[in-house]
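The values are calculated or read from the model by the stated rules, or taken from the named source; none is laboratory data. Keep in mind the model is a prediction, meaning the values are calculated, not measured. Cβ sites come from the backbone with ideal geometry, for glycine too, and all protein chains shown count toward neighbours.
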Amino acid sequence: MDALPHEPPPEVVMDVIALIGRIVFTLCFILGGIGHLTATEAMSGFAASKKVPQPTLAVQISGIWIIVGSVLLILGVWPDLGALMLMVFLLGTAVLMHDFWTETDPQAKQMEQIQFTKDLSLAGGALAIFALYAMDPHPGLNLVGPLF
């Protein structure tokens, strides 16, 4: 059945859906990155407790990293690179910051395990987004398109 003349082509609809998905996916990273830069002292204390070297600098750099990755993904300026940047952040955060296997308190262990698996799940989503944008053809509404 042919599309009615007033309906947008299916490709346009999917491009808009992909854009909405990119925005929704990156919202937590943009807000988190802002938190890294506005609450650096508090976050640095947690990073120091996890034995992150130079915790203040690490918090600031990671905040900038996730904001840049998110902006690349939202704008479609090398969205595959943006997705990889978020995946790297998430894997590092899961292992370094949510090491539930070292916790002895059952409640703390459970909370860290939830955060660990959440980060792994989001890393999987970022990897899927990378694959989606690295494929040819990739969803449109990109300013530049994929790097890889």
Of the residues in segment 121-148 that are among the aliphatic types (A, V, I, L, M), surrounded by 15 or more Cβ atoms within 10 Å (Cβ to Cβ) and part of a helix (DSSP H, G or I), the one that is modelled with the lowest pLDDT is A134
Just one listed residue, out of A94, A18, A48, is within 30 Å of H138 (Cβ to Cβ), touching a Pro at 6+ places or on another chain (Cβ under 9 Å) and surrounded by 14 or more Cβ atoms within 10 Å (Cβ to Cβ), and it is A18
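Among the residues that make up segment 59-68, is at least one of them modelled with pLDDT of 95 or more, in contact with a Ser or Thr (Cβ under 7 Å, 6 or more places away or on another chain) and more than 30 Å from M14 (Cβ to Cβ)?
Residues of segment 59-68 modelled with pLDDT of 95 or more: 59-68.
Applying the additional criterion that residues be in contact with a Ser or Thr (Cβ under 7 Å, 6 or more places away or on another chain) yields 59-60.
From what is left, the residues that are more than 30 Å from M14 (Cβ to Cβ) are 59-60.
Checked segment 59-68: at least one residue is modelled with pLDDT of 95 or more, in contact with a Ser or Thr (Cβ under 7 Å, 6 or more places away or on another chain) and more than 30 Å from M14 (Cβ to Cβ).
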With criteria (1) out of contact with any Phe, Trp or Tyr (no Cβ under 9 Å at 6 or more places or on another chain); (2) under 16 Å from G33 (Cα atoms), G69 comes up short on (1)
Assigned to a helix (DSSP H, G or I), in contact with a Lys or Arg (Cβ under 8 Å, 6 or more places away or on another chain) and farther than 21 Å from T26 by Cβ: is that true of L96 in this structure?
yes
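Quick check on L4: is it surrounded by fewer than 18 Cβ atoms within 10 Å (Cβ to Cβ) and either outside any loop (DSSP other than H, G, I, E, B) or modelled with pLDDT of 95 or more (or both)?
Working: surrounded by fewer than 18 Cβ atoms within 10 Å (Cβ to Cβ): yes; either outside any loop (DSSP other than H, G, I, E, B) or modelled with pLDDT of 95 or more (or both): no.
The answer is no for L4.
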Going through segment 54-81 in order, the residues found to be more than 22 Å from F25 (Cβ to Cβ), part of a helix (DSSP H, G or I) and not hydrophobic (A, V, I, L, M, F, W, C) are P55, T56, Q60
Quick count over segment 53-64, residues being surrounded by fewer than 19 Cβ atoms within 10 Å (Cβ to Cβ) and touching a residue at least 24 places away in the same chain (Cβ under 8 Å), is 2
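Of these, G76, G124, which one is in contact (Cβ under 8 Å) with a residue 60 or more places away in the chain and either at positive phi or under 11 Å from the mean Cα position of the chain (by Cα) (or both)?
Details: G124 fails: in contact (Cβ under 8 Å) with a residue 60 or more places away in the chain.
Step by step, each of G76, G124 is checked, and only G76 is in contact (Cβ under 8 Å) with a residue 60 or more places away in the chain and either at positive phi or under 11 Å from the mean Cα position of the chain (by Cα) (or both).
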